[in-house]
1. For residue 32, all conditions in the list (1) surrounded by 14 or more Cβ atoms within 10 Å (Cβ to Cβ); (2) over 15 Å from the mean Cα position of the chain (by Cα); (3) more than 30 Å from residue 191 (Cα to Cα); (4) of a type outside the set (A, V, I, L, M) hold save one; what is the number of the exception?
2. Tell me which of these residue 154 doesn't satisfy, since it passes every other one: (1) touching a Gly at 6+ places or on another chain (Cβ under 6 Å); (2) within 19 Å of residue 38 (Cβ to Cβ); (3) of a type outside the set (A, V, I, L, M).
3. Could you look through segment 192-204, keep only residues that are part of a loop (DSSP other than H, G, I, E, B) and at pLDDT 95 or above, and pick out the one that is nearest to residue 181 (Cα to Cα)?
4. Any residue in segment 99-114 that is under 25 Å from residue 218 (Cα atoms) and out of contact with any strand residue (DSSP E or B) (no Cβ under 8 Å at 6 or more places or on another chain)?
5. What is the number of the single condition among (1) closer than 24 Å to residue 216 by Cβ; (2) modelled with pLDDT of 95 or more that residue 59 does not meet?
6. For segment 1-54, list the helices (runs of 4 or more DSSP H) that sit wholly inside it and hold at least 2 residues that are in contact with a Ser or Thr (Cβ under 8 Å, 6 or more places away or on another chain), within 17 Å of residue 171 (Cβ to Cβ) and touching a residue at least 12 places away in the same chain (Cβ under 8 Å); which are they?
7. Could you tell me whether residue 91 is surrounded by 21 or more Cβ atoms within 10 Å (Cβ to Cβ), in a loop (DSSP other than H, G, I, E, B) and either in contact with a Pro (Cβ under 9 Å, 6 or more places away or on another chain) or free of Cβ contacts under 8 Å to residues at least 24 places away in the same chain (or both)?
8. Kindly check whether there is at least one residue in segment 100-112 that is in contact (Cβ under 8 Å) with a residue 12 or more places away in the chain, assigned to a helix (DSSP H, G or I) and closer than 28 Å to residue 164 by Cβ.
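The values are calculated or read from the model by the stated rules, or taken from the named source; none is laboratory data. All values reported here derive from a predicted model rather than from experimental measurement. Here the Cβ is made from the backbone with ideal geometry for all residues, glycine too, and neighbour counts use every protein chain on show.
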Amino acid sequence: MTKIVILTGAGISAESGLGTFRDVDGLWTRYDLNDVATPEGFARDPGLVMEFYNARRRNAAEAAPNPAHLALARLEAALPPGSVRIVTQNVDDLHERAGSRAVWHMHGELARARCASCGAGWPAPAEMRVADACPSCGVAATRPDIVWFGEMPYRMEEIWEALRAADLFVSIGTSGSVYPAAAFVQDAARAGAETLELNLEPSEIARDFDRGLHGPASEIVPVWVE
Ligand code: BV8
């Protein structure tokens, strides 16, 4: 059975209206990531961070999957179960809403909240507030269930195992500027996988890939899937 591991980044959701991070008007040009995407920033000003993610949660709720998300869901449905694994750096739920089921959110999810005290997780309310108490332990230590810079991404052992078993590794809509995701192409190539980059333009790590296809995801991903 052919095993395909697909890494996605903000670029796959750009045409759904969700901002990317490092493009011209990207999120990191309007916010300092140290203020809103680090544990230190959250400790310094939790209200600012809660509002940052509440705004992104509102945007994600108004967005819809685009042809790129839908094509990946068709690919998964067309192949034997277990053939396709999506590892997304994105915290939106557009892959799931497009119909993909084998999705791992290595940087967490806007739709989840977590307790910094007891570690419990639960579906996030539309608007999270700093004083919200944890439904499990009652401590007011809730935080977005997002992996910030300096924190361990989720499912790393499972991801590395999937990369070692991959026949094909495809990276879609990511700049290749954040680790450990930016090294996945090398992990897959070392294990013998063919590697393909689908991106608006060659990323910072384009030379690590066997092949590249460049253009808007909503155009090139359906072409690649068909
Ligand atoms: C960790 C969640 C240890 C929150 C995010 C020095 C060297 C190497 C590493 C480091 C270093 N210093 C620090 C580090 C580690 C650090 C890191 O990599 N820093 C970078 C800045 C150098 N990484 C970490 O801290 C990670 N943790 O390392 O822990 C560890 C490691 C391994 C094992 C155990 C422990 C945690 C990183 C996670 C941080 N959280 N986000 C949130 O979403 O708000 S990262 C953030 O950037 C996003 O989540 C996103 O996932 C990520 C990458 O961004 P992209 O998705 O690529 O988006 P970007 O805007 O950059 O690019 C968009 C791309 O799309 C572009 O290429 C563009 O051309 C393309 N595009 C645009 N439009 C379209 C398109 N493509 C197609 N169609 C279009 N229409």
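1. (1)
2. It fails just one condition, (1).
3. The first filter runs over segment 192-204 and keeps only residues part of a loop (DSSP other than H, G, I, E, B), leaving 192-193, 200-204.
If we keep only those that are at pLDDT 95 or above too, we end up with 192-193, 200-203.
Numbers: 192: 18, 193: 16, 200: 18, 201: 18, 202: 16, 203: 13 Å.
The residue in question is 203.
4. Narrowing segment 99-114 to residues under 25 Å from residue 218 (Cα atoms): 99-111.
Cutting the leftovers down to out of contact with any strand residue (DSSP E or B) (no Cβ under 8 Å at 6 or more places or on another chain) gives us 99, 101.
For segment 99-114, residues under 25 Å from residue 218 (Cα atoms) and out of contact with any strand residue (DSSP E or B) (no Cβ under 8 Å at 6 or more places or on another chain): present.
5. (2)
6. On the way: elements: 10-13, 27-30, 33-36, 39-44.
Fully inside segment 1-54 and qualifying: 10-13.
7. Against the criterion (surrounded by 21 or more Cβ atoms within 10 Å (Cβ to Cβ), in a loop (DSSP other than H, G, I, E, B) and either in contact with a Pro (Cβ under 9 Å, 6 or more places away or on another chain) or free of Cβ contacts under 8 Å to residues at least 24 places away in the same chain (or both)), residue 91 qualifies.
8. To start, the set of residues in segment 100-112 that are in contact (Cβ under 8 Å) with a residue 12 or more places away in the chain comprises 100-112.
Next cut, assigned to a helix (DSSP H, G or I) only: none.
Scanning segment 100-112 turns up no residue that is in contact (Cβ under 8 Å) with a residue 12 or more places away in the chain, assigned to a helix (DSSP H, G or I) and closer than 28 Å to residue 164 by Cβ.
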